[in-house]
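The values are calculated or read from the model by the stated rules, or taken from the named source; none is laboratory data. These numbers were taken from a predicted model, which means no experiment stands behind them. Glycine gets a Cβ as well: all are built from the backbone with ideal geometry, and neighbour counts include every protein chain shown. Surface accessibility is based on the protein's heavy atoms, side chains included, excluding ligands, DNA and RNA. Shrake-Rupley method; radii C 1.70, N 1.55, O 1.52, S 1.80 Å.
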Amino acid sequence: MKTLGIVGGGQLGRMMAEAAQKIGVETVVLDPTPGCPASAFARQVVGDFKDYETVKAFAKEADVLTFEIESANAEALSELSESGYPVHPSPHTLSIIRDKLAQKKFLTENGIAVAPFLEVNSKEDAEQAGQVLGYPFVLKARSGGYDGKGNSTVHSSEDIATAFEKLGGGHLYAEKFVPFEKELAVVAVRSEEGEIRTYPTVETVHENHICVLVRMPALVPEPARQKAEAIAEKVLGALHGVGVISIEMFLSGGEILVNEIAPRVHNSGHITQDACATSQFENHVRAVMGMSLGDVAMTVRAGVMANILGTRNGESVGVQVEGISGVALHLYEKKDVRVGRKMGHINAVADTQEEAEKNALLLLSRVII
Ligand SMILES: Nc1ncnc2c1ncn2[C@@H]1O[C@H](COP(=O)(O)OP(=O)(O)O)[C@@H](O)[C@H]1O
Ligand SMILES: [Mg+2]
């Protein structure tokens, strides 16, 4: 049996390793923090994944490489991939996705609708964007952003200087503000043979740019759900990659626009662990290991995921809560808690969305992290 190497040992690596263990796939994980979340299910190599030599040496410990983060040493991954070593997602796919501007251009070239956008390299460019796109618009860093950290909404030209300060200036792009009704997401997976499966469309609810709640299926008309899944299929078809890809979208005036693609398992897909026949983590492992894909259908009528976010800074405490039937608690065993840090999540399943959401929030109120 081949060994799967996972670069990055946070919660995503942890849940991949957990799913791999379930289907008998051995994993080894590379992370700089000893006792990282993934080390509960995988052998850990302690090391810096941004370092060329470390990544090259780590590859020798495994037969296939995948990752939970987009910032691993690109040169090492490219060399490995060019020499025929299986790296998923491929450095080529990553190069398209990592740069959000390149990503938007790629989507447009492939006939996938996105909000109008413009490259911004200077404050003058940003002024120009305001003229072309109108106010407000969103100024975004081309790479490295997450949980809204790489975004700034510009309401008038007076906001431009502050936005540049927040984003550290440099390589940016501007995007028309989308007055969306809902945010949707679709997690999809592509096998080595090119088979594509899409999970049911979910609705994501964000607070302060951080995802707090996910509903599966999304509470939108059936045609919108189908359209979102068709868009996801088209994106995966265009990317040619192997493994899970997640697509965030806006539903605005009945239209669906792609917001961004993540080249990996995603927070919007955590609900698949308890609401679908095969979780996104298992399907990712299956795909990158060259196995056939598992069923993505729901096994319940409704599922709701609630993120457990840190509300203070310090050492995290052990959690003992009274369980609720149909509700699963997934904790990441992070030693330190910080405000807004993802510490775990709750998946609730039920016959109705109302029931699932009520139970998810009830358990959330009992968790002290
Ligand atoms: N063009 C836009 N119009 C309106 N809201 C936006 C736009 N772009 C992003 N947002 C809001 O900001 C959130 C985070 O932006 P996103 O580009 O997905 O960055 P991140 O990498 O931080 O997830 C989105 O989920 C959405 O709520
Ligand atoms: Mg996002």
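So, Ala230, is that one among the hydrophobic types (A, V, I, L, M, F, W, C) and away from ligand 1 (no atom under 13 Å from the Cβ) or not? In short, yes. Filtering Ser81, Ser71, Ser90, Ser95 for residues that are open to solvent by 30 Å² or more (accessible area, probe 1.4 Å), at pLDDT 95 or above and either closer than 21 Å to Val244 by Cβ or not β-branched (Val, Ile, Thr) (or both) leaves a single hit, Ser81. Just one of the numbered conditions (1) part of a helix (DSSP H, G or I); (2) of a type outside the set (Lys, Arg); (3) out of contact with any Lys or Arg (no Cβ under 7 Å at 6 or more places or on another chain) is not true of Gly24; which one? Condition not satisfied by Gly24: (1).
Evaluated against (1) over 14 Å from the mean Cα position of the chain (by Cα); (2) near ligand 1 (Cβ under 8 Å from one of its atoms), Tyr173 falls short on exactly one condition, (2).
Restricted to the range 56-68, and to residues there that are part of a loop (DSSP other than H, G, I, E, B) and more than 18 Å from Gly241 (Cβ to Cβ), the residue that is nearest to ligand 1 (Cβ to nearest atom) is Ala62. One residue stands out in the range 239-273 among those that are at pLDDT below 95, more than 16 Å from ligand 1 (Cβ to nearest atom) and of a type in the set (Gly, Ala, Ser): the one that is most open to solvent (accessible area, probe 1.4 Å), namely Gly254. The residues of the range 98-117 that are under 18 Å from Ser143 (Cβ atoms) and either modelled with pLDDT of 95 or more or part of a helix (DSSP H, G or I) (or both), listed by number, are Arg98, Lys100, Leu101, Ala102, Gln103, Lys104, Lys105, Phe106, Leu107, Val114, Phe117. Report whether or not Ala163 is of a type outside the set (D, E, K, R), within 16 Å of ligand 1 (Cβ to nearest atom), free of Cβ contacts under 8 Å to residues at least 40 places away in the same chain and not assigned by TED's automatic domain parsing to the domain that holds Asn259. It is true that Ala163 is of a type outside the set (D, E, K, R), within 16 Å of ligand 1 (Cβ to nearest atom), free of Cβ contacts under 8 Å to residues at least 40 places away in the same chain and not assigned by TED's automatic domain parsing to the domain that holds Asn259.
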